[in-house]
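Below is one structure, written out as structure tokens; the observations come after it.
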Amino acid sequence: MTNITLDTILERSLLGFNISPSEAVVLLKQTEPEVVNAIRVTADQRREKQAGDTVTYVINRNINFTNICEQHCSFCAFRRDDGDTDAYWLSWAQILEKSTDAVYRGATEICMQGGLNPQAQINGKSLPYYIKLVETIKQEFPQLHLHAFSPQEIQFIARLDGISYIEVIEALRDAGVGSMPGTAAEVLDDEVRQILCPEKIDTRTWLEIVSTAHKLGVPTTSTMLSGHIETPEQQIGHLEKLRSLQQTALEQGYPGRITEFILLPFVGQEAPKSLRRRVGRDQPVLADALLLTAVARIFLGNCIPNHQPSWVKLGLAGAKEALNWGCNDIGGTLMEEHITTMAGAIGGTCMEVETLQNAIASLNRPYQQRNTLYEVTGVS
């Protein structure tokens with residue numbers, strides 16, 4: 001592909017046109033430093049036009065309520081079997097204690113996800129347990145936004161209780177869930193999923209559940225686990241599915257939408273040996289993550305304006321650099337994080353507000369606190 005064609009792709013993007021999947025693959029395969037920098041500059045200009053210069057952040061807390069899980073994803077170092085010495089399952093009192101601490105520290109959001117624990121039931125049903133998880137927090141702290149339960153968890157509840165996805169999402173929404181994490185997406189390509197997470201929901205089911213949430217007025221995020229066994233074509237195929245999903249929500253006027261895209265580079269330090277050998281490294285390659293970050297902004301920006309790096313996976317320095325490659329948000333404080341940390345990530349588990357603010361300010365960019373739905377809440 002000639003530089004003229006590359007220039008044309010970037011110029012069309014700057015004019016506001018959607019680039020095609022094949023054009024995005026071309027961008028993702030570039031290695032010449034000058035060309036890669038041109039892609040970075042284009043993504044940064046798209047970010048400025050679509051989201052402005054202000055970098056946002058949210059004060060939130062993760063609550064991973066159990067690590068007991070029936071599945072065995074090849075990349076997961078978090079899951080445990082019931083009876084393992086380091087298996088855990090938080091009590092209602094522990095969940096309330098963590099929520100109380102979060103509110104004391106200024107949190108506006110609780111992000112709650114956990115392993116797929118078949119014993120997490122009340123009176124022989126799964127859904128009442130998850131509703132009680134929500135109500136335990138919302139009855140005490142109605143002001144907290146609950147960003148909770150991935151599409152995989154929705155499918156798990158529906159399967160165990162023999163009910164529809166609609167019934168599960170409606171019940172959780174009515175109990176107080178404000179939005180759904182777009183996790184368990186990994187890579188939306190069934191060939192990859194058969195190797196990486198064969199027990200997880202397939203691509204079609206993930207898309208169906210997220211679209212159902214949008215129809216029911218539940219916003220979602222979107223994610224991609226990158227840098228393991230997937231190809232550039234499969235990465236772009238994933239982004240294409242997200243773009244199509246969002247375009248459908250916009251065109252159909254669904255009350256729920258995708259609020260953000262988060263790239264999650266693979267951390268394999270504690271992954272099973274077979275996958276570690278296949279991937280060939282333990283920590284993400286920053287340059288690869290940054291180029292994919294830029295291409296994602298160029299490809300998705302027209303319909304998903306908010307892009308966020310993972311400081312847990314890249315470290316704060318890597319996440320800060322991603323703000324020059326198309327990201328407009330630096331994520332949340334988290335306060336605790338188990339899933340990625342147990343995989344061997346070096347970014348840490350908690351970030352103070354002042355640390356995030358200082359990282360943003362060092363780039364000569366203004367910062368602003370937001371809530372889960374990207375509404376401005378704090379003083380810049």
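Gly83 falls short of the stated requirement of being surrounded by 14 or more Cβ atoms within 10 Å (Cβ to Cβ) and not hydroxyl-bearing (Ser, Thr, Tyr).
Can we say Leu356 is within 21 Å of Cys111 (Cα to Cα), modelled with pLDDT of 70 or more and within 15 Å of the chain's Cα centre (by Cα)? In short, no. Scanning segment 174-188 for residues that are part of a strand (DSSP E or B) and of a type in the set (Ser, Thr, Tyr) turns up just one, Ser179. Residue count for segment 72-103 satisfying the condition of being in contact (Cβ under 8 Å) with a residue 24 or more places away in the chain, under 21 Å from Tyr130 (Cβ atoms), of a type outside the set (A, V, I, L, M) and in a loop (DSSP other than H, G, I, E, B): 5. Taking each residue of segment 120-147 that is under 18 Å from Trp89 (Cα atoms) and free of Cβ contacts under 8 Å to residues at least 60 places away in the same chain and looking for partners that are of a type in the set (D, E, K, R) and surrounded by fewer than 21 Cβ atoms within 10 Å (Cβ to Cβ) with beta-carbon atoms closer than 6 Å, six or more apart or interchain, yields Lys125/Asp161; Ser126/Asp161; Leu127/Asp161.
Scanning segment 272-279 turns up one or more residues that are assigned to a loop (DSSP other than H, G, I, E, B) and modelled with pLDDT under 95. Arg159 passes all but one of (1) over 24 Å from the mean Cα position of the chain (by Cα); (2) free of Cβ contacts under 8 Å to residues at least 24 places away in the same chain; which number fails? It is condition (1) that Arg159 fails. Listed conditions (1) within 22 Å of Glu233 (Cβ to Cβ); (2) buried (at least 18 other Cβ atoms within 10 Å of the Cβ) are all met by Arg47, apart from (1). Total residues in segment 54-71 satisfying the condition of being over 23 Å from Lys200 (Cα atoms), in contact with a Gly (Cβ under 9 Å, 6 or more places away or on another chain) and assigned to a loop (DSSP other than H, G, I, E, B): the figure is 1.
The values are calculated or read from the model by the stated rules, or taken from the named source; none is laboratory data. Just so we're clear, the structure is a prediction, and the values are computed from it rather than from any experiment. All Cβ positions, glycine included, derive from the backbone under ideal geometry; neighbour counts span all protein chains shown.
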